[in-house]
Amino acid sequence: MGELRLSRPLHGGNLAWAATIAGCPASLILDFSASINPLGPPKSAITAIQGNLESIKTYPNPHYSQLRSSLSEWHQLPSEWILPGNGSAELFTWAGWELAPQSATCLVTPAFSDYERALKAFNANVCRCPLLLEEVEGREAGGAGEAGEVGEELYLTPGLEDSPLPISPPPLCASAPLPSKGLLLNNPHNPSGKLFPRREILPYLEEFSLVVVDEAFMDFLPPQQQQSLISLVQDYPNLVILRSLTKFYSLPGLRLGYAIAHPDRLQRWQNWRDPWPVNTLAAAAGEAVIKDTDFQKQTRDWLIPARSQLFQGLAALPGLQPLESAANFLLVRTEQPSSQLQEKLLQHNHILIRDCLSFPELGDSYFRVAVRSHTDNQRLLEGFAAII
């Protein structure tokens, strides 16, 4: 058991590891570490999977024509501009291969660890562009698009006065020739939950030769609040957008995502990768869920009040400062080491939170929690209250 405890997971959702700390079966762990929609999977996904069980006898269509057609209709794009993948993680790999020849790739940090994995796999020259954390007044509590008390809290602020995005490029990034620079960021940002307005990203499409934007959590925002760049992809051949279908629809075990980019680029990726990366059941579920408008509305109606409840409950606890978020998770600054809080919650409450030790810029001073149901959120708040 001691050896397992030393092997801290880099990602959320590692219930086997958590069970060794909690001393209970993994099935009894209440997981706040993985930012997965607690309302899913939707019935439409289960029905599609059950209705396609016979299809596992044959290989998938290597071009995933039906899934691409459904995504094409949803995004109002020709299907050749869309490439399904084995989760976003597979697509990060090919994005990393594309970014590696650049003289420098600016990575907005703190960042999802899989970005660096993909970049290092192809020896990319990575420049870390840090988001800065400051205390400010006059922000709404609880996240984008909802009312809350106005007061002092932490949020992400510009690293440079003249920088549209709150990033502070290191000298290597600033000195690299403009035609050979790459940029990798996500929106909403993980782990902070900050939403970058489209207008703040647009200048970088002119400055960088390749811009990769991970929009894995964009679906959680109401359509009128989303800041997606999908509508611009046909105007910018240097733009790649990555999307996930696993977080919003609670399908992480199926592994399903897709890239939106110029067809020439996506054809290269298709030539590079293994055949049949997406299994037939995942493809069938994907076709079904993107048409499930009832589940989409149900999720967005749940998220805003649930996030506000969790934000305000955490902010009321001594030593905890949540950051406002547009996503289905909250980043929280803590006066106690997050790894200690994590261990206490597991041992006393069988609750798993995400420590931020895998984010070097955050370390033991922050943790991240998913937004779950009202009952689950309340159980987490009571667990914190008992150990703080």
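The values are calculated or read from the model by the stated rules, or taken from the named source; none is laboratory data. Not measured: the values here are computed from a predicted model. Every residue, glycine as well, gets a Cβ built from its backbone with ideal geometry; the counts of neighbours run over all protein chains shown.
Would you mention how many residues in region 69-86 are assigned to a helix (DSSP H, G or I), closer than 14 Å to Arg243 by Cβ and touching a residue at least 24 places away in the same chain (Cβ under 8 Å)? I'd like the intermediate steps shown before the answer.
Initial filter on region 69-86 (assigned to a helix (DSSP H, G or I)): 69-75, 79-81.
If we keep only those that are closer than 14 Å to Arg243 by Cβ too, we end up with 70-72, 74-75, 81.
Restricting the remaining residues to those that are touching a residue at least 24 places away in the same chain (Cβ under 8 Å) gives 70-71, 74-75, 81.
So the count comes out to 5.
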Inset, instruction - Evaluate the following for Trp269: is it in contact (Cβ under 8 Å) with a residue 24 or more places away in the chain, in contact with a Phe, Trp or Tyr (Cβ under 7 Å, 6 or more places away or on another chain) and in a helix (DSSP H, G or I)? - result: yes
Inset, instruction - Using the structure shown, decide if Asp219 is among the acidic types (Asp, Glu), out of contact with any strand residue (DSSP E or B) (no Cβ under 7 Å at 6 or more places or on another chain), closer than 16 Å to Gly87 by Cβ and not in a strand (DSSP E or B). - result: yes
Inset, instruction - Go through region 239-266 and count every residue that is more than 22 Å from the chain's Cα centre (by Cα) and free of Cβ contacts under 8 Å to residues at least 40 places away in the same chain. - result: 1
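Filter region 163-204 down to residues that are part of a helix (DSSP H, G or I) and surrounded by 19 or more Cβ atoms within 10 Å (Cβ to Cβ) and give me whichever is modelled with the lowest pLDDT. Can you show your working first?
Step one: of region 163-204, the residues part of a helix (DSSP H, G or I) are 171-175, 178-180, 198-204.
Retained after the next criterion (residues that are surrounded by 19 or more Cβ atoms within 10 Å (Cβ to Cβ)): 173, 201, 204.
Details: Cys173: 60, Ile201: 93, Tyr204: 92.
Looking at the filtered set, the residue picked out is Cys173.
Here are some residues: Ile56, Ile21. Which one is surrounded by 15 or more Cβ atoms within 10 Å (Cβ to Cβ) and not basic (Lys, Arg)?
Ile21
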Inset, instruction - Return the total of residues in region 338-352 being outside any helix (DSSP H, G or I) and either within 13 Å of Leu317 (Cβ to Cβ) or over 24 Å from the mean Cα position of the chain (by Cα) (or both). - result: 1
Inset, instruction - List the number of the failed condition for Gly143; all other conditions in (1) at pLDDT 80 or above; (2) buried (at least 23 other Cβ atoms within 10 Å of the Cβ) hold. - result: (1)
Inset, instruction - Those residues that are out of contact with any strand residue (DSSP E or B) (no Cβ under 6 Å at 6 or more places or on another chain) and β-branched (Val, Ile, Thr), I need them from region 24-48; list them, please. - result: Ile36, Ile46, Thr47
